[in-house]
Amino acid sequence: MTLYFSLADSDTPCVCSAEFEPLLELLNGFVAIGNQLLSAYLVDDDGIRIDLPPEAFDGLPITGCLQNLSKQYHDLLGMKNRA
C-alpha cells in the first residue's frame with residue numbers, strides 16, 4: 001500500500017510505502033509535531049485510491065484503537081458462528 005500526502009510547509013508531495021497501520025501512524029506523527037496535513041490518500045496493491053480526510057489525523061496514536069476494533073470485530077464474528 002502506498003501513501004501520498006502533502007503538508008502545509010512543504011512544496012513537495014510525500015510518498016511512503018508500508019502496511020496500513022504504520023502509514024496512519026506516520027500521518028499522526030507529522031500532525032503531532034505541528035505539521036498541517038493538507039491532503040492524503042492511499043493506493044492499494046490493486047491500484048484503488050482511498051482518499052483520507054486530513055481532519056481525522058489529530059496527532060494521537062491510532063494503532064491500539066485499530067487493534068481493539070479488529071479484536072471486537074473478530075469476537076463478534078466468533079459469536080455469530082456459534083449461534
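Laboratory data are not the source of any read-out in this text; all were calculated from the coordinates shown. Keep in mind that what you see is a predicted model, and the values were worked out from it rather than measured. Neighbour counts run over all protein chains shown; Cβ positions are idealised from the backbone, glycine included.
Residue-wise, which Karplus ³J(HN,Hα) couplings in Hz belong to the range 20-29, taking 6.51 cos²θ - 1.76 cosθ + 1.60, θ = phi - 60°, and x for glycine or proline?
Values per residue, Gly and Pro as x: 4, 4, x, 5, 5, 5, 4, 4, 4, x Hz.
What's the long-distance tail for the chain, i.e. % of Cα pairs beyond 20 Å?
The proportion of pairs with Cα distances above 20 Å equals 41 percent.
Tell me what the chain gives for mean residue ellipticity at 222 nm when only DSSP H runs of n ≥ 4 count, each as -39,500 (n - 2.57), the sum divided by the residue total, rounded to 500 deg cm²/dmol. Kindly include the intermediate steps, with their values, before the conclusion.
Numbers: 2 runs with 33 residues, N = 83.
Mean residue ellipticity, 222 nm, calculated: -13500 deg cm²/dmol.
Can you pull out the GluC sites (Glu not before Pro) in the chain that DSSP calls coil and that have at most 10 other Cβ atoms within 10 Å? Before the final figure, lay out the partial values.
Details: sites: 19, 25, 55; in loops: 19.
Passing both the DSSP loop test and the Cβ count: 19.
Relative to the longest principal Cα axis of the chain, at what angle does helix 63-82 sit, 0 to 90 degrees, rounded to 10?
The angle comes out at about 20 degrees.
How would 66, 26 line up from fewest to most surrounding beta-carbon atoms within 10 angstrom?
Sorted ascending by nearby Cβ count, the order is 66, 26.
By average Cβ neighbour count within 10 Å, what is the ranking of 34-43, 56-65 from highest down?
So the order, starting with the most tightly packed, is 34-43, 56-65.
What ³J(HN,Hα) values, in whole Hz, does the Karplus curve 6.51 cos²θ - 1.76 cosθ + 1.60 give for the range 57-62 when θ = phi - 60°, with x put for Gly and Pro?
Values per residue, Gly and Pro as x: 9, 10, x, 8, x, 10 Hz.
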